[in-house]
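J.: Here it is, the structure, as C-alpha cells.
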Amino acid sequence: MDYTLRGYQEDMVAATIAAIPCDRFILLQAATGAGKTIFFSELIRRLLEQWPQLRIGVLAHRSILIEQAMDKLRSVWPQAPIGVACASTGQQVNTEQPVVIGSVQTLVRRVETTAPFDIIIIDEAHRLPPKNIDSQYKQWLSTMIKYNPKVRTIGLTATPMRLGHGYIYGPVCKPGNTNWFNQLHYRIGIRDLQSKGFLCQYKAKETVDIGWDLASVAVSGEFNLSMLGETMGKDVHVGSAVKAVSDYAPDRKRIIAFAVTIDHAEKLKSAFQKNGVPACVVHSKQPQGQRDMALKEFRAGRMRVIVNVGILQEGFDEPATDCILMCRPTKSAALHVQMCGRGLRPHTDKQDVLILDLSNNFKTHGDINDPKVPAHGGSSENGEPMMKTCPNCEELVHPRVMECPGCCYIWEPEPVVENNHRQEMKDISFAPAPPSVVRINDHEITDYTSKKGNRMVRLSLRVEFEHSLTREFVNHFLMFDPDAHPFARTKSVQWWRQIVQTAEPKSTAEAMSRAGEITMSLPDYITIVEDGKWWKISSWQTDETFAERPF
C-alpha cells in the first residue's frame, strides 16, 4: 500500500533527518492521532532504502504496541526486513534483522549478544527514566552507546513530561535529575491537529469539587492506588458516574471509563449493568482472550461502556469513541492528557467527544493541549500535598489534619452527601483566543545573536489590528548560517523561497546584505495568534485567498 504522508508528517521526517547528523538524542512530540507509527515506519523505509547497511531498533513497552508497529511498517513497506524481540508476542526472538522491533525487557537480556544499532526509536519516550536513574532502559542504551558511540536515539511521545520530574527535555527538571534529550525538535499539538481536521473537538464537563474526599488519600508522587480505589469505589462516586452518563451522555454510543483498581472497575461495570447500560471491563488480570472479546464487543457497539484499568490510555484506538468518563484522579499531567486523548480521533458517526470529569483532573491539570507541568517537577507533581490554611490563626497544615496545632481550631469533617451524584455538572472551556488578521505598519531587520550564541536575522514587524488603534510587535527569526540547527535552517529556506521568491542566502551576513528583498516581499497583512505572553505568526497572507503558510 502506498502511503501519502500528511504535510506535518513530512515535516517530522525532514526535521528528524536534518537533526540526525547533529544531535545524538532527538525528541518529537506528536499528539494522539498524529500518526506516530506511520511517521517512523516511513522514516525507517527512507533511511534503509538510502543507507541499507543501517541497523534500526524500535522500542515499545507493550506487546500490542510492538505488533502495531510491525503491522504498520509492513503496510508502509511490505519488504521491510523485520525481526521481533518481545517474548510476550509469542514470536521467536530475532535480533539479527536490519530492523528489530522489541521490548526493553527482552532486549536487555540479550544486550551482550545483540549487534549494535545505528538508529534507536523509542515509542512513548516519556517512559524513559531520567539519565541518572538506574533502569533497564539506561542499561540497554548505555551498552548500545558503548558499542556504537555514533548511535542516534529518536524519542516519540504525545506527552513529553514525567510525574515528579517535569519535562523530559532541556536542562530544567527535578533537581538531581538529568534528561537524555537536550531539546524538542518538533511538536504538533492537539489544537494544531484539530485545526487541520485530523482530530475532533472536545466538550468537557466537571462535577463538584471532590478535593475534600481526595485529601484523605496518601500521595507519594502519584495517589496511593489502593486508597484511591477505595475512595472512588464509594457508592457516592460510582453513582456519580452512572448518573453523569444518564444525564449528560444519553446519546453517546461508545464510552470509555477510566477506573483506579480492578475492584473499582467491577463496581462501575455492575452499576451500569444494573441501570440497563451494556458494559464490560478490561484489566491486566484477565486472560488475553477475554480481554480481546470485550474490546471486540465494544468496537462492534454491543457494549456501550468499557471500563478499563491501565489498559486503554496508550496504544488503543477506536475512533468511534464519543465519550470519556474520568473516574480516575491522577497527579500526572501526562496520564490526564492520554486518557482524554482516547476520544479525539474523528469518526463519521460523531461531531465531537464529550469528556465527563468526575476526578478533579481538569482542575488539577487544565487544558489537555497545554497542561500545567511544573518546570522543576515540583508542586502538584512531586507528591507534596497542597496545604490548607487555618481560618483562625492562618497556620499552614496538612489537608488531612483536623485540629490546628497552632490554635486547636477544629475542622468539621466534610459531610458525605449520599445523593451527591445528583449534583449538576458544569461546562469546562479552554477555547483558545481566535487568530487576528493584522496590517503590517512598519518593520525592522536586524542581525541578532541569541543568548545561546546562535546568529540569525530578526524580522520585527510592527502590526496594527484592524478597526483598532492597538499596535504590537511580532518577531520572526531566520537562520541561514551553515552551523545553524538543520531544522531551523530548512524552515528559513522554505520561508525565503515562498515569500521572497529568490535564491536563498547562504548566511546571516548575506541575508542582511539582501534585506531589501525582504522589505519588497512583505505582504500587507498577516495572521497572528497569542502564544503565552507573546504573539506568533500563524499565516503569511500573501494574496486575497489568505493561503495558510505555517512557518
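The values are calculated or read from the model by the stated rules, or taken from the named source; none is laboratory data. Everything quoted here is computed from the prediction, not taken from an experiment. Quick reminder, even Gly has a Cβ in these numbers, built from the backbone with ideal geometry, and neighbours come from all protein chains shown.
J.: Which pairs turn up if I take residues in region 284-309 that are under 22 Å from Val260 (Cβ atoms) and surrounded by fewer than 20 Cβ atoms within 10 Å (Cβ to Cβ) and look for partners that are at pLDDT below 90 and not hydrophobic (A, V, I, L, M, F, W, C) with beta carbon separation below 8 Å, at least 6 apart in sequence or on another chain?
T.: Ser284/Gly310
J.: Quick one: which residue in Arg46, Arg74 is among the charged types (D, E, K, R) and either under 23 Å from Glu314 (Cβ atoms) or in contact with a Leu (Cβ under 8 Å, 6 or more places away or on another chain) (or both)?
T.: Working: Arg46 fails: either under 23 Å from Glu314 (Cβ atoms) or in contact with a Leu (Cβ under 8 Å, 6 or more places away or on another chain) (or both).
Step by step, each of Arg46, Arg74 is checked, and only Arg74 is among the charged types (D, E, K, R) and either under 23 Å from Glu314 (Cβ atoms) or in contact with a Leu (Cβ under 8 Å, 6 or more places away or on another chain) (or both).
J.: Out of all the residues in region 145-161, which are over 23 Å from Ala34 (Cα atoms) and out of contact with any Pro (no Cβ under 6 Å at 6 or more places or on another chain)?
T.: Residues of region 145-161 that are over 23 Å from Ala34 (Cα atoms), as a first pass: 145-151.
Residues satisfying the conditions are Ile145, Lys146, Pro149, Lys150, Val151.
J.: Another question, then. Pick out the one residue from Ile262, Ile306 that is closer than 21 Å to Arg62 by Cα and in contact with a Lys or Arg (Cβ under 7 Å, 6 or more places away or on another chain). So that I can check it myself, show each step before the final result.
T.: Values: Ile306 fails: in contact with a Lys or Arg (Cβ under 7 Å, 6 or more places away or on another chain).
One residue alone meets the criteria, Ile262.
J.: Right, here's the next one. Suppose the filter is among the charged types (D, E, K, R), modelled with pLDDT under 90 and crowded, with 21+ Cβ neighbours inside 10 Å; does Glu414 pass it? Show your work before the answer.
T.: Details: among the charged types (D, E, K, R): yes; modelled with pLDDT under 90: yes; crowded, with 21+ Cβ neighbours inside 10 Å: no.
Here the answer is no, as Glu414 does not meet what is asked.
J.: Of the residues that make up region 206-223, is at least one touching a Phe, Trp or Tyr at 6+ places or on another chain (Cβ under 6 Å), at pLDDT 90 or above, part of a strand (DSSP E or B) and closer than 21 Å to Asp367 by Cα?
T.: Looking only at region 206-223, we keep the residues that are touching a Phe, Trp or Tyr at 6+ places or on another chain (Cβ under 6 Å), and these are 206, 217.
Okay, now just the ones that are also at pLDDT 90 or above, so 206, 217.
Within this subset, residues satisfying the condition of being part of a strand (DSSP E or B) are 206.
Now narrow it down to the ones that are closer than 21 Å to Asp367 by Cα: 206.
Checked against the condition, which is being touching a Phe, Trp or Tyr at 6+ places or on another chain (Cβ under 6 Å), at pLDDT 90 or above, part of a strand (DSSP E or B) and closer than 21 Å to Asp367 by Cα, region 206-223 yields at least one hit.
J.: Just to be sure before I move on: is Asp209 among the acidic types (Asp, Glu) and over 15 Å from Ser359 (Cβ atoms) in the structure I sent? Even if it seems obvious, please write down each step before you answer.
T.: Working: among the acidic types (Asp, Glu): yes; over 15 Å from Ser359 (Cβ atoms): no.
So Asp209 fails the test.
J.: Let me ask another. Going through region 160-204 one residue at a time, which ones are buried (at least 22 other Cβ atoms within 10 Å of the Cβ) and assigned to a loop (DSSP other than H, G, I, E, B)?
T.: Pro160, His165, Ile168, Cys173, Asn179, His185, Leu199
Conditions (1) under 18 Å from Ile440 (Cα atoms); (2) surrounded by 17 or more Cβ atoms within 10 Å (Cβ to Cβ); (3) in the same structural domain as Phe465 (by TED's automatic domain parsing), marked per residue:
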{"residue": "Met479", "(1), (2), (3)": "no, yes, yes"}
{"residue": "His485", "(1), (2), (3)": "no, yes, yes"}
{"residue": "Gln494", "(1), (2), (3)": "no, no, yes"}
{"residue": "Glu517", "(1), (2), (3)": "yes, no, yes"}
{"residue": "Ile528", "(1), (2), (3)": "yes, yes, yes"}
{"residue": "Ile537", "(1), (2), (3)": "yes, yes, yes"}
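J.: Now for a different question. Tally up the residues in region 247-279 that are under 28 Å from the mean Cα position of the chain (by Cα), of a type outside the set (A, V, I, L, M, F, W, C) and either part of a helix (DSSP H, G or I) or over 24 Å from Asp349 (Cβ atoms) (or both), please. Let's see the steps before the verdict.
T.: In the first step, residues of region 247-279 are kept if they are under 28 Å from the mean Cα position of the chain (by Cα); the result is 248-249, 252-262, 264-265, 268.
Those left that are additionally of a type outside the set (A, V, I, L, M, F, W, C): 248, 252-254, 261, 264.
Of the ones still in play, those that are also either part of a helix (DSSP H, G or I) or over 24 Å from Asp349 (Cβ atoms) (or both) are 248, 261, 264.
So the count comes out to 3.
J.: For region 229-244, which residues satisfy the criterion of being surrounded by fewer than 19 Cβ atoms within 10 Å (Cβ to Cβ) and part of a helix (DSSP H, G or I)? Write out each step before concluding.
T.: Of all residues in region 229-244, those surrounded by fewer than 19 Cβ atoms within 10 Å (Cβ to Cβ) come to 230, 234-236, 239.
Hits for region 229-244 are Glu230, Asp235, Val236, Gly239.
J.: If you check Ser468, Ser429, Ser450, which single one turns out to be among the small types (Gly, Ala, Ser), surrounded by fewer than 17 Cβ atoms within 10 Å (Cβ to Cβ), closer than 30 Å to Ala215 by Cα and modelled with pLDDT under 80?
T.: One residue alone meets the criteria, Ser429.
J.: Identify, from the list Ser103, Ser41, Ser88, Ser63, the residue that is in the same structural domain as Lys146 (by TED's automatic domain parsing), touching a helix residue (DSSP H, G or I) at 6+ places or on another chain (Cβ under 9 Å), closer than 25 Å to Asp317 by Cα and exposed (fewer than 15 other Cβ atoms within 10 Å of the Cβ). Walk me through how you get there before you give the answer.
T.: Numbers: Ser103 fails: exposed (fewer than 15 other Cβ atoms within 10 Å of the Cβ); Ser41 fails: exposed (fewer than 15 other Cβ atoms within 10 Å of the Cβ); Ser63 fails: exposed (fewer than 15 other Cβ atoms within 10 Å of the Cβ).
Only one candidate passes the filter, namely Ser88.
J.: What number of residues within region 1-58 satisfy the criterion of being part of a helix (DSSP H, G or I) and touching a Ser or Thr at 6+ places or on another chain (Cβ under 7 Å)?
T.: 3
J.: Moving on to the next point. Mind listing whichever residues of region 38-93 are within 30 Å of Gly310 (Cα to Cα), polar (S, T, N, Q) and at pLDDT 90 or above?
T.: Answer for region 38-93, where residues must be within 30 Å of Gly310 (Cα to Cα), polar (S, T, N, Q) and at pLDDT 90 or above: just Ser41.
J.: Within region 72-85, take every residue that is touching a strand residue (DSSP E or B) at 6+ places or on another chain (Cβ under 7 Å) and surrounded by 16 or more Cβ atoms within 10 Å (Cβ to Cβ) and give me the one that is nearest to His61 (Cα to Cα).
T.: Ala85
J.: Okay, next question. Only one of Ile368, Ile355, Ile324 is in a loop (DSSP other than H, G, I, E, B), β-branched (Val, Ile, Thr) and either touching a helix residue (DSSP H, G or I) at 6+ places or on another chain (Cβ under 9 Å) or in contact (Cβ under 8 Å) with a residue 40 or more places away in the chain (or both); which?
T.: Details: Ile355 fails: in a loop (DSSP other than H, G, I, E, B); Ile324 fails: in a loop (DSSP other than H, G, I, E, B).
From the options Ile368, Ile355, Ile324, the qualifying one is Ile368.
J.: Continuing with this model, one more query. Trp535 - would you say it is part of a helix (DSSP H, G or I) and of a type in the set (Phe, Trp, Tyr)? Give the derivation first.
T.: Numbers: part of a helix (DSSP H, G or I): no; of a type in the set (Phe, Trp, Tyr): yes.
Spelling it out, it is not the case that Trp535 is part of a helix (DSSP H, G or I) and of a type in the set (Phe, Trp, Tyr).
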